[in-house]
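Working notes for the structure below.
The values are calculated or read from the model by the stated rules, or taken from the named source; none is laboratory data. Not measured: the values here are computed from a predicted model. Cβ placement follows ideal geometry from the backbone for every residue including glycine, while neighbour counts extend to all protein chains displayed. For the accessible areas, the whole protein counts, side chains as well, though only heavy atoms, and no ligand, DNA or RNA atoms are used. Shrake-Rupley method; radii C 1.70, N 1.55, O 1.52, S 1.80 Å.
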Amino acid sequence: MPLPKIDQPLFELTIPSSQEKIRYRPFTVKEEKILLIARESGEISQIFLAIEQVVDNCIQENIDVKKLATFDLEYIILNIRSKAVNDQLEFKIPNPDDKEGKELNLSFNVKDVKIARLEECEKKIEISNDHFLMMRYPTLIELQTLMDKNKDIDAAFDIMVSCIDKVVSADGENVYSLSDFSKDEINDFVESLSSNAIKSIQTFFQTIPALRIECPYTNENGEEKTFVIEGMQSFFM
């Protein structure tokens with residue numbers, strides 16, 4: 001007689017960027033091992049791939065995980081982890097007040113995590129009196145490329161251009177999806193933009209939303225301090 005199959009409970013959450021509701025299950029031992037192996041590797045690229053794999057396994061909807069905005073993926077994996085383990089996440093950091101490099105124990109509740117800059121980040125970018133751009137948030141792998149200092153300028157520029165989703169006429173009647181055009185056509189278009197438009201695109205990337213939480217603590221001198229966590233790399237250090 002085979003061993004029984006253990007059913008996992010389902011939970012619901014709302015994806016921050018789209019407000020779409022999805023169902024998910026907690027991760028199992030199998031998926032926890034995937035995360036642990038990636039974390040022990042110390043390679044951020046391996047951690048990113050592991051997160052994508054675990055989220056893809058656990059969500060119950062037909063969603064292309066590789067196309068999710070980075071902060072959406074961050075939010076989903078933290079909620080999956082909270083249902084599999086608990087809402088409290090503990091971690092250690094080098095104590096900034098200790099010259100000997102002692103570690104500081106901190107913790108936070110997943111329910112207290114916020115999405116920073118979600119309202120401030122402007123996806124609509126005016127490029128002329130007649131047209132504007134609609135941007136999309138970069139995916140996890142794209143953001144990794146932008147963060148990787150070893151990547152050349154052309155690679156980072158290609159990622160920035162790839163996040164231009166549409167060109168729209170001011171009256172909204174004409175919509176040009178950049179996925180319908182060749183790379184050469186897109187490059188010619190981008191090179192024709194004004195310097196102000198390029199600065200606005202750069203501002204978009206500088207203000208991309210991210211998970212954020214402030215962890216208050218008291219140092220050895222009794223002083224009240226706050227450690228700010230923001231972004232995937234901080235949450236899974």
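Among the residues of the range 28-45, those identified as hydroxyl-bearing (Ser, Thr, Tyr) and modelled with pLDDT under 90 are 41, 45.
Identification of strands (runs of 3 or more DSSP E) wholly contained in the range 88-148 with 1 or more residues that are under 30 Å from residue 190 (Cα atoms), aromatic (Phe, Trp, Tyr) and touching a strand residue (DSSP E or B) at 6+ places or on another chain (Cβ under 7 Å) yields 131-135. Taking the criterion of being among the basic types (Lys, Arg) and out of contact with any helix residue (DSSP H, G or I) (no Cβ under 8 Å at 6 or more places or on another chain), the only residue of the range 31-58 that qualifies is 33.
Residues in the range 218-235 that are modelled with pLDDT of 85 or more and surrounded by 11 or more Cβ atoms within 10 Å (Cβ to Cβ) were compared, and the one that is farthest from residue 110 (Cα to Cα) is 225. For the range 12-26, filtered to residues that are open to solvent by less than 20 Å² (accessible area, probe 1.4 Å) and either in contact with a Ser or Thr (Cβ under 7 Å, 6 or more places away or on another chain) or part of a loop (DSSP other than H, G, I, E, B) (or both), the residue that is nearest to residue 79 (Cα to Cα) is 26. Residue pairs whose Cβ atoms lie under 8 Å apart, sitting 6 or more positions apart in sequence or on different chains, and linking a residue in the range 28-54 that is outside any loop (DSSP other than H, G, I, E, B) and among the charged types (D, E, K, R) to a partner that is open to solvent by 50 Å² or more (accessible area, probe 1.4 Å) and modelled with pLDDT of 90 or more, are 31/53; 31/57; 52/66.
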